[in-house]
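Undergrad: Take a look at the following structure, please.
The values are calculated or read from the model by the stated rules, or taken from the named source; none is laboratory data. The structure presented is a predicted model; accordingly, all values stated were derived computationally and were not measured. Methodologically, a virtual Cβ is constructed for each residue, glycine included, from the backbone with ideal geometry; neighbour enumeration extends over all protein chains shown. Please note that ligands, DNA and RNA were not included when accessible areas were found on the heavy atoms of the full protein model with its side chains. Shrake-Rupley method; radii C 1.70, N 1.55, O 1.52, S 1.80 Å.
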Amino acid sequence: MEEKEKTTGQQLREALLNQKKNGWDVVDEATEKAAFDYCEGYKTFLDKGKTERDCVDYAVELAEAAGFVPFERGMELQPGMKVYRVNRGRAINLAVMGSAPLDQGVSISASHIDSPRLDLKPTPLYEDSELAFLKTHYYGGIRKYQWVTIPLELRGVVAMKDGSIVHVSVGSHPGDPLFTIDDLLPHLGAEQSKKPLGEAIPAESLNILVGSRPLKDDEGKDRVKLAVMKLLYDHYGIREPDFISAEIEAVPAFNAVDIGFDRTLIGAYGQDDRVCGYAGLKALLDLEGVPVRTAVCVLADKEEIGSEGVSGMQSAFFETFIGDLCASQKVPLRVCLEKSFCLSTDVTAAFDPNFADVYEKNNSARVNYGVGLCKYTGSRGKGGASDAGAEAVAYIRRLLDDRGVLWQMAELGATDKGGGGTVACYMANRNIDTLDAGVPVLSMHSPFEVTSKLDCYMTYAACKAIYEG
Ligand code: MN
Ligand code: MN
């Protein structure tokens, strides 16, 4: 429509109001194609990386193929050099050295690659009524009823006393058996159905069914358990006590798929927060030339249980990594950090019309409206939030608008309906300006989370914008 044909009202609306638009009405065909292509790589990342360790292994594989090398302390670093450092197999930091010295700060994208799941207990294997089960302890915020009667696979490591590591993966290869947790039949579930949703499946009933054949020609007890243990010993060389020093996770056994007749959505386990982890990683790998500021991608562990521990975002591993970069240029770490900027890339809740009453329509992220920026997360009166400064939000508004990255503002649900946290506060506590941003998700923390391909791609574009400054 020509400018002169617009009514005064139309002109005023365009000039004055925040007019949100569906991304598919805005992007051109080339961007649509780029988004669909990008998501093929993302789905592969999800299928390979169903645990934080798997994500790290695959990230290293991709990074080395893109020319990254392990960062050794004392290494001389030239602009354009690409380095990475793995934290105990469960987290990774990567950097592309910029042309500016590190006293100008670094540009960071920080996300997490741990996801809610069921961990095996240290003494997991038992037999009851001639069925063998594995006891689990849930990790992160799960809705327990969602984890019964779905196919599960096991992935993880057993650290042996002799220092060797046994990798366990059952269910991800074609022809593998799968596992499951049983639930009551409706015929006998009348009492269970009267319970509140959160109490219907007690945590101690989340026991994984792993076998049913008793050991032949044996009169002793627990013959099914013993037969299962023998299979594990024959295949992996592990004995029951070795579970004590193991990290084995039960995760959904289905792979990432397209959702919808139009294939615009992705359904998969672990999208919180591998959707942002992949965006930050891929954007770093795709950087062309030498960025001005050093670009840093952080893939952290343990966010789902408070970012605690040696592999979480609160760990000094991050300072050690940046400090070692700074030492190569004799720049004090604190000088680098105070000039740095961090996009804390983590998912947010997408407005769900089926549960509209927990959202506030004007301030919730919408599927297909682009990467969601969260000035604050937390709960109640912004408790636990980093609450980015207005100036930090303005910087990102300008950066993303200048590059045509589709974005929207996001709040995780209506005020006082709940809330959530991210790694943002731990970055901000280090004197780094930090803003939360990420992909809106439907069914977050469920075994099958849903995102929009366009939003995934725009989060990648936002990470690239941060790195390129
Ligand atoms: Mn998250
Ligand atoms: Mn989460």
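Undergrad: Looking at region 85-115 only, could you name the residues that are open to solvent by 10 Å² or more (accessible area, probe 1.4 Å) and either within 16 Å of ligand 1 (Cβ to nearest atom) or assigned to a strand (DSSP E or B) (or both)?
TA: Those that are open to solvent by 10 Å² or more (accessible area, probe 1.4 Å) and either within 16 Å of ligand 1 (Cβ to nearest atom) or assigned to a strand (DSSP E or B) (or both): R85, V86, R90.
Per-residue answers, yes or no, for (1) more than 16 Å from ligand 2 (Cβ to nearest atom); (2) farther than 22 Å from P116 by Cα:
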{"site": "H235", "(1), (2)": "yes, yes"}
{"site": "N255", "(1), (2)": "yes, no"}
{"site": "R263", "(1), (2)": "yes, yes"}
{"site": "I266", "(1), (2)": "yes, no"}
{"site": "Y269", "(1), (2)": "no, no"}
{"site": "D273", "(1), (2)": "no, no"}
{"site": "A283", "(1), (2)": "yes, yes"}
{"site": "A300", "(1), (2)": "no, no"}
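Undergrad: Consider only pairs whose beta carbons are under 6 Å apart and that are at least six residues apart or on different chains; among these, list those whose first residue lies in region 161-178 and is under 20 Å from L120 (Cα atoms) and whose second residue is surrounded by 12 or more Cβ atoms within 10 Å (Cβ to Cβ) and of a type in the set (F, W, Y).
TA: V166/Y236
Undergrad: Shifting gears a bit: Can you find, within region 257-278, the residue that is most open to solvent (accessible area, probe 1.4 Å) among those that are in contact with a Cys (Cβ under 9 Å, 6 or more places away or on another chain) and of a type outside the set (F, W, Y)?
TA: D258
Undergrad: So, in region 390-440, of the ones that are open to solvent by less than 40 Å² (accessible area, probe 1.4 Å), of a type in the set (V, I, T) and out of contact with any helix residue (DSSP H, G or I) (no Cβ under 6 Å at 6 or more places or on another chain), which residue ends up nearest to ligand 1 (Cβ to nearest atom)?
TA: Restricting to residues being open to solvent by less than 40 Å² (accessible area, probe 1.4 Å), of a type in the set (V, I, T) and out of contact with any helix residue (DSSP H, G or I) (no Cβ under 6 Å at 6 or more places or on another chain), the top hit is T422.
Undergrad: Do you know which of the residues in region 279-312 that are in a helix (DSSP H, G or I), open to solvent by 10 Å² or more (accessible area, probe 1.4 Å) and within 17 Å of V56 (Cβ to Cβ) is farthest from ligand 1 (Cβ to nearest atom)?
TA: Selected residue: L285.
Undergrad: Right, another one. Would you confirm, using the coordinates I've provided, whether R430 is under 23 Å from the mean Cα position of the chain (by Cα), away from ligand 2 (no atom under 16 Å from the Cβ) and in contact (Cβ under 8 Å) with a residue 12 or more places away in the chain?
TA: Yes.
Undergrad: Pull out all pairs, ordered by first then second residue, where Cβ-Cβ is under 9 Å, the residues are six or more apart or on different chains, the first lies in region 340-361 and is within 16 Å of ligand 2 (Cβ to nearest atom), and the second is assigned to a loop (DSSP other than H, G, I, E, B) and among the acidic types (D, E).
TA: If the second residue must be assigned to a loop (DSSP other than H, G, I, E, B) and among the acidic types (D, E), the pairs left are T348/E411; A349/E411.
Undergrad: Going through region 261-277 one residue at a time, which ones are touching a helix residue (DSSP H, G or I) at 6+ places or on another chain (Cβ under 8 Å) and aromatic (F, W, Y)?
TA: Residue satisfying the conditions is Y269 alone.
Undergrad: Sort out which residues of region 1-41 are open to solvent by 100 Å² or more (accessible area, probe 1.4 Å) and touching a residue at least 12 places away in the same chain (Cβ under 8 Å), and write them in order of number.
TA: Within region 1-41, K20, K21 meet the criteria.
Undergrad: Only one residue in L125, L118 is within 16 Å of ligand 2 (Cβ to nearest atom) and either outside any loop (DSSP other than H, G, I, E, B) or touching a Ser or Thr at 6+ places or on another chain (Cβ under 8 Å) (or both). Which one?
TA: Selected residue: L118, the only one of L125, L118 that is within 16 Å of ligand 2 (Cβ to nearest atom) and either outside any loop (DSSP other than H, G, I, E, B) or touching a Ser or Thr at 6+ places or on another chain (Cβ under 8 Å) (or both).
Undergrad: Shifting gears a bit: State whether one or more residues within region 142-149 are over 17 Å from the mean Cα position of the chain (by Cα), of a type outside the set (G, A, S) and within 16 Å of ligand 1 (Cβ to nearest atom).
TA: There is at least one residue in region 142-149 that is over 17 Å from the mean Cα position of the chain (by Cα), of a type outside the set (G, A, S) and within 16 Å of ligand 1 (Cβ to nearest atom).
Undergrad: Something else about it: Being touching a strand residue (DSSP E or B) at 6+ places or on another chain (Cβ under 9 Å), under 24 Å from G277 (Cβ atoms), assigned to a loop (DSSP other than H, G, I, E, B) and among the small types (G, A, S), is that true of even one residue in region 346-362?
TA: The answer is no, given that none of the residues of region 346-362 is touching a strand residue (DSSP E or B) at 6+ places or on another chain (Cβ under 9 Å), under 24 Å from G277 (Cβ atoms), assigned to a loop (DSSP other than H, G, I, E, B) and among the small types (G, A, S).
Undergrad: Answer yes or no as to whether T377 is without any contact (Cβ under 8 Å) to a residue 60 or more places away in the chain, within 16 Å of ligand 2 (Cβ to nearest atom) and out of contact with any Cys (no Cβ under 8 Å at 6 or more places or on another chain).
TA: Considered against the rule, which asks whether it is without any contact (Cβ under 8 Å) to a residue 60 or more places away in the chain, within 16 Å of ligand 2 (Cβ to nearest atom) and out of contact with any Cys (no Cβ under 8 Å at 6 or more places or on another chain), T377 comes out as yes.
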